[in-house]
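Scroll down for the structure; my scribbles are underneath it.
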Amino acid sequence: MDREAAYATLMQGVRELDFQGRPEPSSLMLIGDDAFPLVMNPRGQVLMAASRYGKGRVVAMGHEDLLTAFPTVVENALAWLRPASDAVVGIHPSCTSMVHNLCYTSIRPEVCDYREGLGVYVTDAYSVGANAKELVAFMKGGGGLLVAGQAWGWAQEHPKENTLLGFLGNKVCSMAGIYFSEHQSELGSFTVPERIPSSWLSVSIDKDFKDDLEFLLEGVLEFDIRGRAVPSELMVHGPLAFPIATNNLGRAFFAGSYYGQGRVIATTHEGYLARQPLAPFLLNAVRWLDEGRNGEVGVLPKLNGVYLLLSKSGLPCVKTTFRKDLSVYVCTSYKDAQAADIQDFVAEGGGLLIGGHAWKWAQKHRGHNVLTEYPGNHVLHKMGISVLKKTMKPGLYQAPQPAQVYTEAYNFRSMLKRFVGHVNCGYELTETEQASLRRLGRDCAIYLRMQAHDCPSYASILTLLTDVVKTAGVPQVCQSHPVKSPKDHLLLHVATEVYKVSPNPDELLPYIIKDRPEMATVQNTRVRIDGNTAGREDWKSTGLYLSPGMKTYMAIPPQIVKKGWKVQIGCQTDNIGKAAKLKRAPVVHKRFPIQSEKIQVSNLWGGLIYLVAPPKSKEGELEIIVERAIRAPFYKSGETSVEDWVGGIRDAPAPWAEMEFENIVITMPSKVVRGVDWPDKVAEFWDSIMRAVADLAATPAKFPRKERYVADVQISHGKLGVTPVSFLSVVPTLGSHTGS
């Protein structure tokens, strides 16, 4: 479903909606990948929304009076909801007041109770109870629903009940990710935007989950996960998702969520599902998921320990693969063959207890995106929880205090809302909130890597963070202006990740890097490299450079396509993200697997262009064509003459230079080499040094792979690494033939 196209259809011909003087609608809460707002007030409250479920569609309005107040919207909605132009539109008797407005349209509705054979059904949210299951099946099979009503009155009459699950309208609309909430919407006259509305105020719904945590943590003082089982970390990112158990740094290893009419609890190691010290919590968890039905609990057959633990407690358990008639299903997160069925099971009222880590999967699938490709995340992502590859230390951790979780514990969406309020409106952040900014930056980066552009919630947060980058600005990090504050760390981190996933990264570039000098480019440059390598990965220099954000195409020889070769942009590969003070961005290089004979490459921070050859490659001499790039000063022993070097190569415009000798390649700022008149003598100097190294190591004078020495403004660990690196302070000696 193209949501922007759907929004344009639903709001066609509507420029403004005046809610002044009308009954107060409920604010609608939206979750999942399909629900999107149609009308949003300045407080970020949603008054109308649309979504889909299965093959069908739904439009929800926060008060039944809106069915008559805005006839154009209703007419558009009915047209959008109809599976066919001749589909019958049925209207519940409680909504007959809207029929008059349809006299001027081609729609000839039938006033009736729900029956089979309808294409669209219109009802208030209070009359769906008797037909809730039928209406869900109707929508899932391709029917259209228009449901209107408010839940705040019901919530006042039922103060001890859960509006998300108890209010009748939610028994139908929540499957599609739309909930009628107990909150009243602020009225006014609202302009209808051209695109789906969004607001930083809608990022978090500020639900405290106190009642849920009190139930889950009854009799639970601690979470003992000591032992050999190593958990992954959970990212809790959904509006209705919440952490249950965390380590001392607030990283979650148990989390829960509402999804449709059901619930889910996830943990990051399946061993914890059968761990005896966790038994009191696990029993509470299954009962919370069961919601008082006392139904059958299905346990994946290989989880025998879980079956024994739950059976001993008296719960009605059975070993089985997934079945739709279960009340609760317990499984691992390592397979996704039934992901859609399990999601529907939960949405329609089932409970899911799921466990598994992602770190081992990540080790076996290097270069793949855990967030989008790990099987368990195919199940959990829509529910607002994701399993990360990052591990956590097993230990003994205190159970949280339910009353304090909302006010004191870190929550991704709540913290994001607070930070954006700080940027947009100048709201002061508490010391605790300021201390959480670096974590927020990390979590924003993780969330953005989901790349769920078709999900309205994701698109909204991406838009929000894009606006933050433009509004707050990005620190122009360098040696003379290092980044120190948590806020600047966050902005630098977020800007980098937003650029990577933005549909229009070129628009962001001037906000992220303000000083981008123009440099002369060369076209269709042919570069010859040696395609042979020894037992380790080897970088092959091209002598070409890309400026920040600059894109180019490269023509690749067919014999190295899909053979483990990569293109790398940038020579500094240290990740310095953990440093308290940054003199450059944490990660300034980027790699591209070579999967075709033509590949487009670029890097936000620019950098020298390399071919990265896999170990034991025997491809001989290769020729690569680079469509557009900037020449870098590049001296290669045995190929570059002194005359050519002095006559122009050393003055090539790129800011980084390389000198390649018999056994070593040195990368340094170009200003260091522009005054080098005798590169051949520098080569002799370094060749003698490396031969001495070979003599000391009792190895052949000619190394199987040339060593690399890279200058950097800041390095991660000491002065040596896989690729040796050096602080810029020692760089002036690198291009000298005397070593001083």
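The values are calculated or read from the model by the stated rules, or taken from the named source; none is laboratory data. None of the values given here were measured: they were computed from a predicted structure. Quick reminder, even Gly has a Cβ in these numbers, built from the backbone with ideal geometry, and neighbours come from all protein chains shown.
Checking D336, D290 one by one, the residue that is touching a residue at least 24 places away in the same chain (Cβ under 8 Å), more than 26 Å from L164 (Cα to Cα), charged (D, E, K, R) and surrounded by fewer than 24 Cβ atoms within 10 Å (Cβ to Cβ) is D336 and no other. Looking only at region 543-580, residues that are hydroxyl-bearing (S, T, Y), at pLDDT 95 or above and part of a loop (DSSP other than H, G, I, E, B) come to 1 in all. Residues that are at pLDDT 95 or above and basic (K, R) within region 11-42 comprise just one, R15. Of all residues in region 566-597, those that are touching a strand residue (DSSP E or B) at 6+ places or on another chain (Cβ under 6 Å), of a type outside the set (A, V, I, L, M) and under 19 Å from V527 (Cα atoms) total 7. For beta carbons closer than 8 Å, sequence separation of 6+ or different chains, a first residue in region 311-330 that is more than 16 Å from G350 (Cα to Cα) and a second that is assigned to a loop (DSSP other than H, G, I, E, B), the qualifying pairs are K319/L300; K319/P301. Taken together, the residues in region 512-528 that are in contact with a Lys or Arg (Cβ under 6 Å, 6 or more places away or on another chain) and either free of Cβ contacts under 8 Å to residues at least 24 places away in the same chain or buried (at least 18 other Cβ atoms within 10 Å of the Cβ) (or both) amount to 1.
Residue by residue, here is whether (1) surrounded by fewer than 18 Cβ atoms within 10 Å (Cβ to Cβ); (2) assigned to a loop (DSSP other than H, G, I, E, B) holds:
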residue: A50; (1), (2): no, no
residue: V58; (1), (2): no, no
residue: E64; (1), (2): no, yes
residue: L67; (1), (2): no, no
residue: V73; (1), (2): no, no
residue: L78; (1), (2): no, no
residue: S85; (1), (2): yes, yes
residue: S97; (1), (2): yes, no
residue: N101; (1), (2): yes, no
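The number of residues in region 337-364 that are small (G, A, S) and not in a helix (DSSP H, G or I) comes to 7.
Cβ-Cβ contacts under 7 Å between residues 6 or more apart (or on different chains), taken from a first residue in region 85-103 that is over 13 Å from D113 (Cα atoms) to a second residue that is assigned to a helix (DSSP H, G or I) and among the hydrophobic types (A, V, I, L, M, F, W, C), are listed as M98/L67; M98/V74; N101/V74.
The set of residues in region 103-140 that are touching a strand residue (DSSP E or B) at 6+ places or on another chain (Cβ under 9 Å), surrounded by 12 or more Cβ atoms within 10 Å (Cβ to Cβ) and part of a loop (DSSP other than H, G, I, E, B) comprises I107, P109, C112, D113, Y114, R115, L118, G119, A125, V128.
Please enumerate the residues belonging to region 381-428 that are among the hydrophobic types (A, V, I, L, M, F, W, C) and under 13 Å from the mean Cα position of the chain (by Cα). Result: I385, V387, L388, F412.
Within the group A452, A403, A459, which residue is within 17 Å of V498 (Cβ to Cβ), of a type in the set (A, V, I, L, M, F, W, C), surrounded by fewer than 20 Cβ atoms within 10 Å (Cβ to Cβ) and at pLDDT below 95?
Details: A452 fails: surrounded by fewer than 20 Cβ atoms within 10 Å (Cβ to Cβ); A403 fails: within 17 Å of V498 (Cβ to Cβ).
Answer to the selection: A459.
Against the conditions (1) touching a Lys or Arg at 6+ places or on another chain (Cβ under 6 Å); (2) surrounded by fewer than 21 Cβ atoms within 10 Å (Cβ to Cβ), V299 satisfies every one except (2).
Scanning region 1-48 for residues that are among the hydrophobic types (A, V, I, L, M, F, W, C) and part of a strand (DSSP E or B) yields L17, L28, M29, L30, F36, L38, V39, M40, V46, L47, M48. The criterion of being surrounded by 24 or more Cβ atoms within 10 Å (Cβ to Cβ), modelled with pLDDT of 95 or more and in a helix (DSSP H, G or I) holds for L273. Looking only at region 438-446, decide whether some residue is touching a strand residue (DSSP E or B) at 6+ places or on another chain (Cβ under 6 Å) and either under 22 Å from K207 (Cβ atoms) or not polar (S, T, N, Q) (or both). Yes: region 438-446 contains one or more residues that are touching a strand residue (DSSP E or B) at 6+ places or on another chain (Cβ under 6 Å) and either under 22 Å from K207 (Cβ atoms) or not polar (S, T, N, Q) (or both).
In region 517-539, is there at least one residue being of a type in the set (K, R), modelled with pLDDT under 95 and under 29 Å from S436 (Cα atoms)?
Going residue by residue through region 517-539, those that are of a type in the set (K, R) are 526, 528, 536.
Narrowing the set further to residues that are modelled with pLDDT under 95 leaves 536.
Subsequent filtering for residues that are under 29 Å from S436 (Cα atoms) retains none.
No.
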